[in-house]
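*Asks:* Structure provided below as structure tokens; questions to follow.
The values are calculated or read from the model by the stated rules, or taken from the named source; none is laboratory data. This one's a predicted model, so the numbers in the text were calculated from it and none came from an experiment. Here the Cβ positions follow ideal geometry from the backbone for every residue, glycine too, while neighbour counts run over all protein chains shown.
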Amino acid sequence: MTPVLALLALATLATSQHIVGVPPEKQYLYNAAADGTWHCLSDPSIVLLADQINDNFCDCPDGSDEPGTNACEFTDDHHHYFYCANEGFFPRYIENFKVNDGVCDYDVCCDGSDEYLSGECENKCDEVKKQFDEFTTNKEAAVAKALEAKNDLVSKAAQAKLALVTQIAKLKEKLKADADELEKLNSDLENAQLSAEEPEKDQNLWQPLVDEFHEHVNDAEQQISGFFDSSKENLKKIKQLENMLADLMENYNPNFNDASVKKCVKSFAEYLSNKPEDTETPESGHIVKPLTEFGNSLASRLALFSPGEAGIAIVPTFGNVLHHYYEQMISSFKPVEISKKVVLENPISRLTLKSTEKIRKAIDALEKKINSQTAEVSIYQENLQRSYGAQDILRAVEGVWVTKKIGEYTYKLGFLDSIYQDNTLVGRFSSYDGKSLKFTQGSKCWNGPLRSAEVEMVCGPKHDLMSVSEPEKCQYKFILETPIACSLLSKDEIASSFKIDLSRL
Ligand code: MAN
């Protein structure tokens, strides 16, 4: 071989050398020069012979000459890593001080290449890959399930918000109707007062009676509406009880021979099968509508008649007839002048006074109703403005309680309500920062502060209290699994949460 060819062969030999501990894409950095030299990667002024690479002696300050040994010290300032190819799995890097230390670090180098000198660690990448595939499949399914639960909460929250908006709209509609009614009553009052003061000749003297009739109808409507409201409340409570029983029916352990639970489940099943379909509760306005219409037609029909001199003889109500005979009886005991005075008194204007009083009462009642409805609307509107987290999700858990016995205490957590440790108040809900719920102003700790708690929410398929600790006296830290904390995870995120089960290798 000529000297030139020999040199070329040497150069080719030097460049194709595989350097242990270096990934394929960085192998080129270790190509020796034609004269068989190589220089430290971050300091080209330090020139070494190529065979000083991985000779277990640290020559370069950056440790680049020892990628496959632990010769260069691993310090806070100088981190040196060894590359494991992990064929069939993911390549990884391990700290160089773990290389050839006699320990198979399968959690990083499943191929056992970190112990290449002894060759004691057989390749376990197939086994690790199996675990990994199992883990990712399960994790993906769990995340999908948890996200489904979260979506349910999001739609529940949207429904709750919509119900609130609808309720506000309904109340506003009622308020509008009540305001119109109030305006009408005020003008009725004005008219009634005018006619009480100076009754006009051609005035429809039947009107007070008709107005009185309408007032009775209004009273009746208010009472019926109150009755319907309380009956709606009762239906809500029945629904809650039904939900509790449905939960019991679904989740009770049929293998556990508890006669009363079984009896209860059986009775509930019978109750469900006999339960009539839900029907809409009618609105009180619909019930009294025919009466109101009757009152209006009565007004126009009566306007065709004009009362007689004293009016009383042709007003066809029981009260007026009674009044007429009462006046007659009284007049027979009184001196003529007085009896004359009584006869001349217009009973309609007296009725007008009575009606004025009634209108005033109706105005008072209506104003009270308007005030309370206005307050109700502003409470709901304030609720609408309140922050319930992204997608309003906390609306879905308003009124939801999670209970669990942990250690010696039973903890009860009401999402937007409070937390109890047995009967001790740990705190009342105060804020939510998107990750944790804060509860403050709990009961006073003996020789310490008021109790308080932070509830960290982590992703899980259902609400479940996982742990409680007391980092400071009477200041509690809860970990709560809940779909609220779930989010879509990328494949990389799922992969990075994988932990090898070394006991299965
Ligand atoms: C109770 C519990 C504890 C708390 C002590 C403080 O025993 O509420 O969590 O640490 O009171 O005295």
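*Asks:* Could you check, for the stretch 116-139, whether at least one of its residues is among the small types (Gly, Ala, Ser) and under 25 Å from Gly68 (Cβ atoms)?
*Replies:* Residues of the stretch 116-139 that are among the small types (Gly, Ala, Ser), as a first pass: 118-119.
Checking which are under 25 Å from Gly68 (Cβ atoms) leaves us with 118-119.
Among the residues of the stretch 116-139, at least one is among the small types (Gly, Ala, Ser) and under 25 Å from Gly68 (Cβ atoms), which makes the answer yes.
*Asks:* Oh, and also: So which of Gln421, Gln441, Gln373, Gln385 is polar (S, T, N, Q) and in contact (Cβ under 8 Å) with a residue 60 or more places away in the chain? Write out each step before concluding.
*Replies:* Working: Gln421 fails: in contact (Cβ under 8 Å) with a residue 60 or more places away in the chain; Gln441 fails: in contact (Cβ under 8 Å) with a residue 60 or more places away in the chain; Gln385 fails: in contact (Cβ under 8 Å) with a residue 60 or more places away in the chain.
Exactly one of Gln421, Gln441, Gln373, Gln385 is polar (S, T, N, Q) and in contact (Cβ under 8 Å) with a residue 60 or more places away in the chain, namely Gln373.
*Asks:* Moving to a separate point now. Looking at the stretch 388-408 only, could you name the residues that are surrounded by 15 or more Cβ atoms within 10 Å (Cβ to Cβ) and either free of Cβ contacts under 8 Å to residues at least 12 places away in the same chain or within 16 Å of the ligand (Cβ to nearest atom) (or both)?
*Replies:* Passing the criteria: only Lys404.
*Asks:* Restricting to the stretch 451-470, name every residue that is within 15 Å of the ligand (Cβ to nearest atom) and outside any strand (DSSP E or B).
*Replies:* Answer for the stretch 451-470, where residues must be within 15 Å of the ligand (Cβ to nearest atom) and outside any strand (DSSP E or B): just Arg451.
*Asks:* Separate question: For the stretch 24-54, what are the residues that are assigned to a loop (DSSP other than H, G, I, E, B), surrounded by 16 or more Cβ atoms within 10 Å (Cβ to Cβ) and at negative phi?
*Replies:* Within the stretch 24-54, Ala32, Cys40, Leu41, Ile46, Ile53 meet the criteria.
*Asks:* Say we look at the stretch 422-441 and pick out the residues that are closer than 25 Å to Ala485 by Cα and either outside any strand (DSSP E or B) or among the β-branched types (Val, Ile, Thr) (or both); which of these is farthest from the ligand (Cβ to nearest atom)?
*Replies:* Gly434
*Asks:* Now a separate question. Quick one: what pairs do we get from the stretch 455-468, first residue on the phi < 0 side of the Ramachandran plot and surrounded by 14 or more Cβ atoms within 10 Å (Cβ to Cβ), second in a loop (DSSP other than H, G, I, E, B) and aliphatic (A, V, I, L, M), C-beta under 8 Å, 6+ apart or different chains?
*Replies:* From residues that are on the phi < 0 side of the Ramachandran plot and surrounded by 14 or more Cβ atoms within 10 Å (Cβ to Cβ), the pairs are His463/Val400.
Here's the yes/no breakdown for (1) modelled with pLDDT of 95 or more; (2) within 26 Å of Phe132 (Cβ to Cβ); (3) among the charged types (D, E, K, R):
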| position | (1), (2), (3) |
| --- | --- |
| Thr2 | no, no, no |
| Val22 | yes, yes, no |
| Asp76 | no, no, yes |
| Glu95 | yes, yes, yes |
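*Asks:* What residue, of Phe268, Phe305, Phe294, is at pLDDT below 80 and assigned to a helix (DSSP H, G or I)?
*Replies:* Of the residues listed, the single one that is at pLDDT below 80 and assigned to a helix (DSSP H, G or I) is Phe294.
*Asks:* Could I ask something else about it? Looking at (1) within 18 Å of Lys361 (Cα to Cα); (2) loosely packed, with under 14 Cβ neighbours inside 10 Å, which one does Glu212 not meet, given that it meets all the others?
*Replies:* It fails just one condition, (2).
*Asks:* Here's something else I'd like to know. Kindly indicate whether Lys473 is within 30 Å of Ala144 (Cα to Cα) and either within 12 Å of the ligand (Cβ to nearest atom) or out of contact with any helix residue (DSSP H, G or I) (no Cβ under 6 Å at 6 or more places or on another chain) (or both). Walk me through how you get there before you give the answer.
*Replies:* Numbers: within 30 Å of Ala144 (Cα to Cα): no; either within 12 Å of the ligand (Cβ to nearest atom) or out of contact with any helix residue (DSSP H, G or I) (no Cβ under 6 Å at 6 or more places or on another chain) (or both): yes.
Against the criterion (within 30 Å of Ala144 (Cα to Cα) and either within 12 Å of the ligand (Cβ to nearest atom) or out of contact with any helix residue (DSSP H, G or I) (no Cβ under 6 Å at 6 or more places or on another chain) (or both)), Lys473 does not qualify.
*Asks:* If you don't mind, another one. Taking Asn218, is it within 19 Å of Lys174 (Cβ to Cβ) and either in contact with a strand residue (DSSP E or B) (Cβ under 8 Å, 6 or more places away or on another chain) or of a type in the set (S, T, N, Q) (or both)?
*Replies:* Criteria met by Asn218.
*Asks:* Determine which member of the set Val99, Val103 is touching a helix residue (DSSP H, G or I) at 6+ places or on another chain (Cβ under 8 Å), over 23 Å from Ala495 (Cβ atoms) and surrounded by fewer than 21 Cβ atoms within 10 Å (Cβ to Cβ).
*Replies:* Matching residue, one of Val99, Val103: Val103.
*Asks:* Would you point out which residue out of Ile479, Ile494, Ile484 is away from the ligand (no atom under 16 Å from the Cβ), surrounded by 12 or more Cβ atoms within 10 Å (Cβ to Cβ) and assigned to a strand (DSSP E or B)?
*Replies:* Ile479
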